[in-house]
Amino acid sequence: LIKKTTPIPIALYGGRNAVTMLPGDGIGPELMGYVREVFKYAGAPVDFEVIDIDPKSDDNSELEYAITSIKRNGVAIKGNIETKSESTLVLSRNVAIRNELDLYVNILHCKSYPGVPSRQQDIDIVIIRQNTEGEYAMLEHESVDGVVESMKVVTQSNSERVARFAFDYVKRTGRKRLTTIHKANIMKLSDGLFLDTSKKIAKEYPEIEHNDMIIDNCCMQLVSNPHQFDVMIMTNLYGSIVSNVVCGLIGGAGLLSGKNYGDHYAIFEPGTRNTGTAIAGKNIANPIAMLNAGVDMLEHLGHQQHANLIKRAIEKTLCEDKIHTPDLGGTAKSTDVVQRIIDHILQADIRPW
Ligand code: ADP
Ligand code: MG
């Protein structure tokens, strides 16, 4: 889905892709183990370059190595990386990676799994989020004692390319409507620029319906009448919050994956970017969100058949067999879910090899 303005470097050695794997902290490492296991049984032609980043470390050499690796491979799968340095000078590594690689768009396709218990059924909403600036510009300082300033940065160029990406996405996927979410009534300059820019780009896509909604109303509408939404575009922090609301509506943090794209690189990860510290090491984390990130990555690399094989195995496990971890109200262990997915892969009629 990446907009191919310039060639995208994708590492390919003898028909196999090399991709960077950043397990991150909390449940990240165990979930990556499941991805490797499922890829092995699906015969996915992918080799992982695994890089661990110590959350307590003050020096950024591992982070720099991770970024170099992604630049070389073009593609990464990632868990959430914690930053636990005592120093406030060490900034979030997740944000640093996205900014350094200029991954200016985050896409979260929120589609319900029939048969998975949730507050709302039949949801199919796409959230497109500006992924590198806004409130995540990481420009905070204490100007005088007890007064902290935090800069929200909105640029016309980034607003424009994320808007163009969003309209192209609507067009390419045959969707109907794009809604710009904002708070331009209060943040007249910053959100005003974001909104005006999407209105301007909308004129280039007369066949696509465009409207806008204030973020507060959007949250209320999402809870009371979510089926009205099709594709939404918003700035960084609203995107984070709205993503969590919609994931909550359709089954929580353990199901959906998110994609981060720039013009050159792509990173795939669980949609709500959780660490899951409290549930780590207990064999109860839902493996589906990270496996879906793996499916997204295979599609991006052009391994559509392997992606379909895993996707179908996930759907059968969740929707037909109803093997659910505790976050979905079930009693299955993470490994029960993974084992059933592998069983379905091994029983599939059509295999890519
Ligand atoms: P924490 O910061 O305490 O580690 P997070 O913010 O990472 O928690 O996650 C938010 C909530 O979502 C937590 O209740 C966590 O247990 C839950 N969660 C996140 N990922 C998963 C998953 N893969 N399976 C089940 N629950 C999850
Ligand atoms: Mg957290």
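No value in this document is a laboratory result; all are computed from the given coordinates. Everything quoted here is computed from the prediction, not taken from an experiment. Neighbour counts run over all protein chains shown; Cβ positions are idealised from the backbone, glycine included.
In terms of its alpha-carbon gyration tensor, the range 119-261 comes out oblate; a/c meets the 1.5 threshold, while b/c is at least as large as a/b. Mean-square fluctuations from a GNM of the chain, with a 10 angstrom spring cutoff on Cα atoms, peak among A285, A202, A76 at A202.
Under a Cβ-Cβ cut-off of 15 Å, what is the net charge of the residues other than E149 that fall near it, where Lys and Arg count +1 and Asp and Glu count -1? Each step should come with its number before you reach the end.
Working: positive: K152; negative: E135, E140, E142, D145.
My count for the surroundings of E149 gives -3.
For the chain, set up a Gaussian network in which alpha carbons nearer than 10 Å are linked by springs, and say which option among N73, N308, N225 fluctuates the most. Comparing N73, N308, N225 in the GNM, the peak value goes to N225. At full extension, D145 and T335 could sit 63.3 nm farther apart than now, given 0.36 nm per residue minus the alpha carbon distance. In this structure, the amide hydrogen of L255, modeled 1.01 Å from its nitrogen in the peptide plane, lies closer than 5 angstrom to those of A289, counting only residues at least 5 positions away or on a different chain.
Here the extension length gained between N185 and I10 equals 58.7 nm, from 0.36 nm per residue of separation less the Cα-Cα distance.
The alpha-carbon of K311 sits under 27 angstrom from the alpha-carbons of these lysines, leaving out residues fewer than 8 places away in its chain: K3, K4, K40, K78, K111, K171, K176, K259, K282, K322, K333.
Add -39500 (n - 2.57) for each DSSP H run of 4 or more in the chain, then divide by its residues: what number comes out at 222 nm, to the nearest 500 deg cm²/dmol? Don't jump to the answer; show the numbers that get you there.
Working: 10 runs with 131 residues, N = 353.
One gets -12000 deg cm²/dmol as the mean residue ellipticity at 222 nm.
Nearest 0.05, what FRET efficiency do N217 and D168 give at R0 = 25 Å with Cβ-Cβ as r? Mind showing how you got there, number by number?
On the way: r = 27 Å, r/R0 = 1.06.
Given R0 = 25 Å and the Cβ-Cβ separation, E is 0.40.
Phi-derived couplings, Karplus 6.51 cos²θ - 1.76 cosθ + 1.60 at θ = phi - 60°, listed residue by residue for the range 343-349: 4, 5, 5, 6, 8, 4, 5 Hz, with x used for Gly and Pro. Proximity of backbone amide H atoms, modeled 1.01 Å from N, is registered between L101 and no other residue at under 5 Å, excluding neighbours fewer than 5 places apart on the same chain.
Computed over the chain, relative contact order equals 22 percent, with contacts defined as Cα pairs under 8 Å that lie 6+ residues apart.
Within the listed set L101, L298, L12, the residue fluctuating most in the Gaussian network model of the chain (springs between alpha-carbon atoms under 10 angstrom) is L12. Under the rule a/c < 1.5 gives rounded, and otherwise a/b versus b/c splits prolate from oblate, where does the range 109-163 land using the Cα gyration tensor? Because a/c hits 1.5 or more and a/b fails to exceed b/c, the range 109-163 counts as oblate. Backbone phi angles across the range 171-188, fed through the Karplus curve with coefficients 6.51, -1.76 and 1.60 (θ = phi - 60°), yield HN-Hα couplings of 5, 5, 9, x, 7, 10, 9, 10, 10, 8, 9, 7, 9, 6, 6, 9, 8, 5 Hz in residue order; Gly and Pro are listed as x.
Annotation: the antiparallel percentage among DSSP beta bridges lying fully within the chain is about 50. Derived scalar couplings between HN and Hα for the range 128-143 equal 10, 10, 5, 10, 10, 9, x, 6, 9, 5, 6, 10, 10, 7, 9, 5 Hz in order, rounded to whole Hz, by the Karplus curve 6.51 cos²θ - 1.76 cosθ + 1.60 (θ = phi - 60°), x for Gly and Pro.
A crude spin-label estimate for the pair S87 and R72, with each label 7 Å from Cα along the Cβ direction, gives 2.6 nm. Taking a ≥ b ≥ c as the square roots of the eigenvalues of the Cα gyration tensor of the range 256-353, is the shape rounded (a/c under 1.5), prolate (a/b larger than b/c) or oblate? Note, shape of the range 256-353 comes out oblate.
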